[in-house]
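Undergrad: One structure coming up, written as structure tokens, with questions to follow.
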Amino acid sequence: MISAIVSGFTGAMGQKVLAMIQADAQLQLVGVYNPTVTDLTPATYGLAPTVQVFNQLDQITIGADVWIDFSTPSGAFTNTQFAIEHRIRPVIGTSGMSEQQIAELKQLANQHHVGGIIAANFGVSAVLMMKFAQLAAKYFDHAEVVEYHHDDKLDAPSGTALNTAKLIYDAQGHDEPGNPQEQDPLGARGGDYHGIKIHAIRLPGFVADEEAIFGGPGETLTIKQSTTDRASFMTGVRLALDAVMTRDELIVGLEQLI
């Protein structure tokens, strides 16, 4: 049985994680964490009396196999540090951490021999889309990424979009050529990652969609995925929970497991 602490348990993704754990006999919820809650009574949140509720990291003295984090970009780095230092395997779905922060966490995990995963997206369709985009990038010199999320998403671009651009850049092996004559005073061409434009859309009605668009002489290729229910992410989370139990390093991206 895998015991878990869930960070960000009151959010939309946190609630999906709690439902997944409750429905799986091989998983056990031992604690939940959210620094914004004031009531630490499990029953208030519909939790079993054996589950401990925390709003400060230094309160957490219980052991657990995994730390599942769907919190906020501002708290995810500190949360992951805490988990690794306490030898709790992190499964991080919160996006927004910098490359430097991720590098620091990987080093810390190596020091403590703790396995874990940081994934920009736990949706299998999104991960496959990124892998297909990386393959297509070998045959096209021009690509742009468009991502669509709900209007409550705080970070932009999404971790998935940024990771897609990184995979495209790695496959191409060079910066994409730009147009030095281009004029864009409003920034309408989007963000720029080594010449790959990233466009972030935030509107009610979306959960998480993304497309990678490739252009070549006389042809285009669009690779698109859509997420209509956050429950779809739980397939990837469950896959990650089993994987980190047998690893001693922090990996980045669910694509490393598929």
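Undergrad: On full extension of the chain, what length is gained from E85 through L257, given 0.36 nm per residue of separation minus the C-alpha to C-alpha distance?
TA: Gain on extension, E85 to L257, equals 59.5 nm.
Undergrad: Only Cα pairs under 8 Å and at least 6 apart count here; give the relative contact order of the chain as a rounded whole percent.
TA: RCO, the chain: 20 percent.
Undergrad: Moving on. Taking the Cα centroid of the stretch 44-77 and of the stretch 107-167, what is the distance between the two, rounded to the nearest whole Å?
TA: The stretch 44-77 and the stretch 107-167 have Cα centres separated by 26 Å.
Undergrad: Quick one: length gained pulling D24 to D184 fully straight, 0.36 nm per residue minus the C-alpha distance?
TA: Net length gain for the segment: 52.5 nm.
Undergrad: Efficiency by 1/(1 + (r/R0)^6): what FRET value for T78 and A43, r their Cβ-Cβ distance, R0 = 25 Å, to the nearest 0.05?
TA: 0.35
Undergrad: Still on this structure, please answer the following. Considering every Cα-Cα pair within the stretch 174-258, what fraction, in whole percent, is farther apart than 17 Å?
TA: For the stretch 174-258, the share of Cα pairs beyond 17 Å comes to 69 percent.
Undergrad: Long-range amide H contacts for I251: which residues qualify at under 5 Å (H placed 1.01 Å from N, peptide plane, sequence gap of 5 or more or a different chain)?
TA: The list, which skips near neighbours in sequence, is G116, I117, I118.
Undergrad: While we're looking at this one, here's another question. Restricting attention to the alpha-carbon atoms of the stretch 62-172, what are Rg (one decimal) and Dmax (integer), both in Å?
TA: 15.4, 51
Undergrad: Also, I was wondering about something else. Binning at 5 angstrom from zero up to the longest distance, how are the C-alpha pair distances of the stretch 1-136 distributed in percent?
TA: The calculated distribution, bin by bin, is 2, 10, 20, 23, 20, 14, 7, 3, 1, 1, 0.
Undergrad: Still on this structure, I have one more. Given the options T72, T160, P42, identify the residue whose Cα lies farthest towards the positive end of the charge dipole of the chain (+1 on Cβ of Lys, Arg; -1 on Cβ of Asp, Glu).
TA: It is P42.
Undergrad: Write down the radius of gyration of the stretch 19-78 and its Dmax, each obtained from C-alpha positions, in Å.
TA: 11.9, 33
Undergrad: I would also like to ask the following. Using a probe of 1.4 angstrom, how much of the accessible area of the chain is carbon and sulfur, in percent?
TA: Using a 1.4 Å probe with all protein chains present, the chain comes out at 51 percent carbon and sulfur.
Undergrad: For L203, L47, L221, L186, what's the largest-to-smallest order of accessible area, 1.4 Å probe?
TA: I get L186, L203, L221, L47, largest accessible area first.
Undergrad: So, in nm, how far is label A103 from label H150 when the simple model puts each one 7 Å beyond its Cα toward the Cβ?
TA: 3.4
Undergrad: What is the sum of charges, Lys and Arg at +1 and Asp and Glu at -1, for the other residues whose Cβ falls under 13 Å from the Cβ of I251?
TA: 0
Undergrad: Can you compute the FRET efficiency between I62 and T228 using 1/(1 + (r/R0)^6), with r the Cβ-Cβ distance and R0 = 35 Å? Round to the nearest 0.05.
TA: 0.45
Undergrad: Hey, could you get me the Stokes-Einstein D for the chain, Kirkwood radius over alpha-carbon pairs, 25 °C and 0.890 mPa s, rounded to whole µm² s⁻¹?
TA: 127
Undergrad: How much accessible area per residue does the chain have, in Å², with a 1.4 Å probe?
TA: Spelled out: the 1.4 Å probe surface of the chain, per residue, equals 48 Å².
Undergrad: So what does H113 come to for accessible area, using a 1.4 Å probe and Å² rounded to 10?
TA: It works out to around 130 Å².
Undergrad: How long is the gain from N55 to D248 if the chain were fully straight, where each residue apart is worth 0.36 nm and the alpha carbon distance is subtracted?
TA: Here the segment from N55 to D248 would lengthen by 66.7 nm.
The values are calculated or read from the model by the stated rules, or taken from the named source; none is laboratory data. Everything quoted here is computed from the prediction, not taken from an experiment. Please note: Cβ atoms are built from the backbone with ideal geometry, for glycine as well, and neighbour counts cover all protein chains shown. When the accessible area is computed, the model is the full protein with side chains, heavy atoms only, and any ligands, DNA or RNA have been set aside. Shrake-Rupley method; radii C 1.70, N 1.55, O 1.52, S 1.80 Å.
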